[in-house]
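The values are calculated or read from the model by the stated rules, or taken from the named source; none is laboratory data. As the structure is a prediction and not an experimental result, all values here were calculated from the model. Here the Cβ positions follow ideal geometry from the backbone for every residue, glycine too, while neighbour counts run over all protein chains shown. Surface accessibility is based on the protein's heavy atoms, side chains included, excluding ligands, DNA and RNA. Shrake-Rupley method; radii C 1.70, N 1.55, O 1.52, S 1.80 Å.
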Amino acid sequence: MSPPRLSPATAAAAHADVVQPRYDRARLRPGIVHLGLGAFFRAHGALYTEDVLAPDPDPWGIIGVSLQRPDQRDRLAPQGGLYVARECEADAPLSRIVGSVLGVLVAPEDPGAVLAAMTAPETAIVSLTVTEKAYCLDPATGRLDAAHPAIIRDLANPLAPRTAIGLLAAALARRRAAGRAPFTVLCCDNLMGNGRLLAGLVQDFAALSDDRLARWIAGNATFPATMVDRIVPATTAEDIAAVELATGLHDAAPVLHERFRQWVIEDRFVGARPPWERAGAELVSDVAPYEHMKLRMLNASHSALAYLGYLAGHATIAEAVADPALAGYLRRLWAEITPMLPALPGVSLDGYAETLLTRYGNPAIRHRTWQIAMDGSQKLRVRLLPTIHERLQRGLPVPCLALAVAGWLRYAGGIDERGGAIEVRDPLAGELRAALEAAGAEPAAKVRAALGFAAIFGAELPAEARFVAALTDAYAALLRLGTRAAAQTL
Ligand code: CS2
């Protein structure tokens, strides 16, 4: 017989070692609206919040918003918003039932309901994890891409916006019209200077229809920067079965995550906020050095391992770092990155790198290289290219960084080392592949074709002969030697 579905009525029947919410869910008030209710937020922000919810009436329940599809709502609604978060560590796996998400709205189905939730007087924070491409950013300027089709659509439909930027601007406009204070906008995506970046995008959007609104947002709302970290692979059917076995309940939307977590938040809120520091969040005045460290060490090496690991035939990050050729490369890659990072008092970058190796090697976390390889056109310029730029400015070589970019280039071509097709997921996948095919077989021509994508590489790096040469060498080595040998040689 299959076990009962997780819901408020069945939660108490979970196995005795499953951690239950320690507060009265009926007394939670929704103070946070979260845009982009994916696995990451449910295993990170929602858990920090879960950890600080008090037994008394608590104003920090969360309304989740899906910006595209109804799937997440369809899975969570029959469970009354409850889901299992399972910490996957070989020594002591731990399952808990999470109650901080009170409900899920689907923006394309009912944008009015989303705007109403964002405009409600009790909503003090709107947080976001919507992935890099959802910011509709013009990479050349760091400002809004006003020609983006989704932005054009939202500008023409002010009552029914669908992008995160359009929703934020519309909700802030409503709050202003109602004489309410704005909310704090908490960007939790892997973008450098994410708070300031998002503030600019929302102001740009507002200015396209109402200059005074743009000024009001600039003067009244706050957009703290954050650095978020926890490894949370996409949930699979096997994960659902494992959680069922571990808890005795069927959950259609569990999340699996590592034990490690980090959340560094710029302490700049319009109004109240949950006492997240009680759960270990670091509230600081300057997040930038933490962002640099995390984006340029963790996310950069993740992307490098995703492309090179995939090409070398490794399905997961754990498999990739178990390959001595790639583990050795990883250490040399970090050795190119760390000298470019700002110092962080009390933090050893070598120690950070060692922790990353242990985290990546966790066999209980099946983080697919294919998953991390997604949207490379959006990720390279945040994770890898700034370090390359800075090293070249100081006259330093970039062989390992260039190999990571070459791995992306090989991957974007859509054919793996054994001639099999790669399912490339990227907003520029079609254009990139066409340009690479048209360039012919010569490495130098392929590199030239890729560097023609100014949205990825900008104008300066493609004009930098040392970068072009390093990338061409690395790409040629991948073709000539294969990925593992190229990673060992460079
Ligand atoms: C990963 C990140 O998918 C990716 O691109 O690099 O999601 C990474 O797992 C997180 O940023 C870790 O905090």
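Based on the mean of other beta carbon atoms within 10 Å per residue, what is the order of 389-395, 84-90, most packed first?
84-90, 389-395
Taking H as built 1.01 Å from N, whose amide H comes closer than 5 Å to the amide H of residue 365, not counting residues under 5 places away?
none
Suppose only helical runs count, i.e. DSSP H with n ≥ 4. What mean residue ellipticity at 222 nm does that imply for the chain under -39500 (n - 2.57) per run, divided by all residues and rounded to the nearest 500 deg cm²/dmol?
-13000 deg cm²/dmol
Got the relative contact order for segment 369-490 handy, in percent, Cα pairs under 8 Å and 6 or more residues apart?
With pairs under 8 Å counted, the relative contact order is 32 percent.
Say the dipole of the chain comes from +1 at the beta carbon of Lys and Arg and -1 at that of Asp and Glu; which of 207, 151, 436 then lies farthest toward its positive end?
My answer, from the dipole projection, is 207.
Using Cα pairs under 8 angstrom and six or more residues apart, how large is the relative contact order of segment 237-317, in percent?
For segment 237-317, the relative contact order is 18 percent.
If the label point is 7 Å along Cα→Cβ of residue 357, which residues in segment 447-490 have backbone nitrogen under 17 Å from it?
Answer for segment 447-490: 488.
For the chain, what does the accessible surface come to per residue with a 1.4 Å probe? Please give it in Å².
Accessible surface, normalised per residue, equals 39 Å².
If the label point is 7 Å along Cα→Cβ of residue 394, which residues in segment 299-337 have backbone nitrogen under 17 Å from it?
332-337
Can you list residues from other chains, or at least 5 along the same chain, whose modelled amide H is less than 5 Å from the amide H of residue 250?
Residues meeting the amide H criterion: 5, 6.
Can you compute the FRET efficiency between residue 141 and residue 218 using 1/(1 + (r/R0)^6), with r the Cβ-Cβ distance and R0 = 22 Å? Round to the nearest 0.05.
That gives a FRET efficiency of 0.80.
Using the Karplus curve 6.51 cos²θ - 1.76 cosθ + 1.60 with θ = phi - 60°, work out ³J(HN,Hα) for each residue of segment 279-287 in order, rounded to whole Hz, and write x for Gly and Pro.
In residue order, the calculated couplings are 9, x, 5, 9, 9, 10, 8, 9, 7 Hz.
Compute the distance in nm between two label points, each set 7 Å from the Cα along the Cα-to-Cβ direction, one at residue 152 and one at residue 259.
It is 5.2 nm.
Near the amide H of residue 144, under 5 Å away, which other amide H atoms are found, from residues 5 or more places off or on another chain, if H is placed in the peptide plane?
138
Mind checking Rg over Rh on the chain, alpha carbons, Kirkwood formula for Rh?
My calculation of the ratio gives 0.97.
Students often forget the sequence filter, so: which lysines lie under 17 Å Cα-Cα from residue 133 once same-chain residues fewer than 8 apart are removed?
By straight Cα distance, residue 133 reaches 379.
Per residue of segment 423-429, in order, report the coupling 6.51 cos²θ - 1.76 cosθ + 1.60 (Karplus, θ = phi - 60°) as ³J(HN,Hα) in whole Hz, putting x for Gly and Pro.
8, 7, 10, 6, x, 9, 3
Provide the per-residue ³J(HN,Hα) series for segment 119-128, in order, calculated from phi with Karplus coefficients 6.51, -1.76, 1.60 and θ = phi - 60°, each as a whole number of Hz, with x at glycine and proline positions.
Coupling constants for segment 119-128: 8, 4, x, 6, 7, 9, 9, 10, 9, 9 Hz.
I'd like to know which of 326, 474, 363 lies farthest towards the positive end of the charge dipole of the chain, counting +1 on Cβ of Lys and Arg and -1 on Cβ of Asp and Glu.
After comparing all options, I get 474.
Mind giving me the nanometre distance, one decimal, between the label points for residue 237 and residue 133, set 7 Å out from Cα along Cα→Cβ?
For the pair residue 237/residue 133, the computed spacing is 2.5 nm.
What is segment 138-252's relative contact order, in percent, from Cα pairs under 8 angstrom and six or more apart in sequence?
Taking the mean separation of contacting Cα pairs over the length of segment 138-252, I get 23 percent.
Leaving out ligands, DNA and RNA, and with a 1.4 Å probe, what % of the accessible surface on the chain is carbon or sulfur?
Roughly 55 percent of what the probe reaches on the chain is carbon or sulfur.
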